[in-house]
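Working notes, beginning with the structure itself.
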Amino acid sequence: MPSYAYEAIDNTGKIIKGSVEADNEEDVKADLKRQGITPINIKAQGALNKDINIDIGGKPSTRDLSVFCRQFVAMFKAGVSMIDALKMLTEATENKKLRQACDEVRISVEKGEALSMAFSEHPKVFPPIMVNMTAAGEASGSLDIAMDRIAVQLEKSNKTAATIKKAMMYPIIVLIVMLAVVIVMLVKVIPSYSTMFEDLETDLPAITKGVQAVSNFLIHQWYIVVPVVIGIFVGLIIFNKTDAGKHVTSKIAITIPAIKNLVVKNASAQMARTLSTLVGSGIPLVEAVEISANVMGNVYFKEALLNAKDEIMIGQPLSRPLEEAKIFPPMVYNMVRIGEETGKTEDMLEKLADYYEEEVENAVQTMMAALEPIIIIVLAVVVGTIVAACMAPMLKMYQALDSL
């Protein structure tokens, strides 16, 4: 889509500049006018004159949004009008994208739009769960309760995600350090031994020949190695964004025993927490299941929930398609079934969420306990192989001298 740079005057008389993507110049004018901004000059941007917008904050995090909701609730309960609250939140928000979106939301609300509708105009900032729960809160006259529920949902999701990310930092750092050590030894240490190996004028052990061959290849053919490694890395990223790639990586995640337990429990916690929050806010079950499906990171869990949505639409209870999917633990669909029979589905889902969020933490600790010795063994084998390659010729030489 073409990009256009614009210069305009906002509703306070201040001259502002920016860029926007649109199909044509007329769409840019119409969009600016909807925001209460009067365009002065609009110019199409090419590859050479396109604005470079480096946003250190990037897309707002789950924590940014939860703080936003908490502050909104506090101001709302204090009697601050919605427009004034949005204005204060715009000034207080640190994330650039969220701050800009919040200001545009304020402008839309000033024109008479509902808050949920204004949120929906910024899908890259405000997730569907936030839009739908805000709409439910507006419809029921309990916007503050809805925003408070959103904050709790986001905080719980952020805590679970942070637990997993924190656990993964250790193996990633160790692997990076191991890779750096191996490269240094192959590129710097092994070549320094090469001359000595040649002076021995003896047949070198196979392990030394192998390590030398790898070292020589890295030193003399690095211009092949580097592009190939980068190409593989970029290719995997691109492939993972395709439908086939998502299915492959999702299948691997629920097949490998070492991580399957964590993936299944995390998906169960995410599904239960999201459904509980949405149903408790008055969102119809069919719509709540669809939103929950779009939150799922693993495509197989997403497809299972989308199938469940279709089953619910023809009169089936939620527990039945969850059981037939055969990827959710028995406790999930059994608890949901109990909730359906007793009329306390929301409570059962909330209990499920609490249980599996705790289980995720335990699964992470178990996985880390298993990973640590494996990482140490791999590190010892790799570095030990290189050290052995350096020592083997000298040991062979000493043995030859002793035999004289």
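Quick check on region 312-319. Is at least one of its residues at pLDDT 90 or above, among the hydrophobic types (A, V, I, L, M, F, W, C), more than 23 Å from residue 116 (Cβ to Cβ) and surrounded by fewer than 17 Cβ atoms within 10 Å (Cβ to Cβ)?
Yes: one or more hits.
With the checklist (1) crowded, with 22+ Cβ neighbours inside 10 Å; (2) not in a helix (DSSP H, G or I) in hand, flag the one item residue 277 doesn't pass.
Unmet for residue 277, out of (1) crowded, with 22+ Cβ neighbours inside 10 Å; (2) not in a helix (DSSP H, G or I): (2).
Can you pull out the helices (runs of 4 or more DSSP H) entirely within region 201-266 that have at least 1 residues that are in the same structural domain as residue 182 (by TED's automatic domain parsing) and modelled with pLDDT under 85?
206-220, 222-241
Taking region 18-52, which residues are at pLDDT 70 or above and among the basic types (Lys, Arg)?
29, 33, 34, 43
Scan region 252-278 and report the pairs whose first residue is in contact (Cβ under 8 Å) with a residue 24 or more places away in the chain and whose second residue is among the basic types (Lys, Arg) and part of a helix (DSSP H, G or I), with Cβ atoms within less than 8 Å and a gap of 6+ or a chain change.
Close Cβ pairs satisfying both conditions: 253/260; 254/260; 273/156; 277/149.
If residue 327 satisfies every condition in (1) surrounded by fewer than 16 Cβ atoms within 10 Å (Cβ to Cβ); (2) under 28 Å from residue 167 (Cα atoms); (3) more than 19 Å from the chain's Cα centre (by Cα) but one, which is the exception?
(1)
So for region 165-172 (the condition being modelled with pLDDT of 85 or more, assigned to a helix (DSSP H, G or I) and surrounded by 16 or more Cβ atoms within 10 Å (Cβ to Cβ)), does at least one residue qualify?
Scanning region 165-172, I find no residue that is modelled with pLDDT of 85 or more, assigned to a helix (DSSP H, G or I) and surrounded by 16 or more Cβ atoms within 10 Å (Cβ to Cβ), so the answer is no.
What residue, of 341, 350, is touching a helix residue (DSSP H, G or I) at 6+ places or on another chain (Cβ under 7 Å), among the acidic types (Asp, Glu) and not in a loop (DSSP other than H, G, I, E, B)?
The match here is 350.
For region 285-306, enumerate the residues that are in a helix (DSSP H, G or I) and among the polar types (S, T, N, Q).
Residues satisfying the conditions are 292, 294.
The values are calculated or read from the model by the stated rules, or taken from the named source; none is laboratory data. This is a predicted model, so every value here is computed, not measured. Every residue, glycine among them, receives a Cβ derived from its backbone with ideal geometry; neighbour counts consider all protein chains shown.
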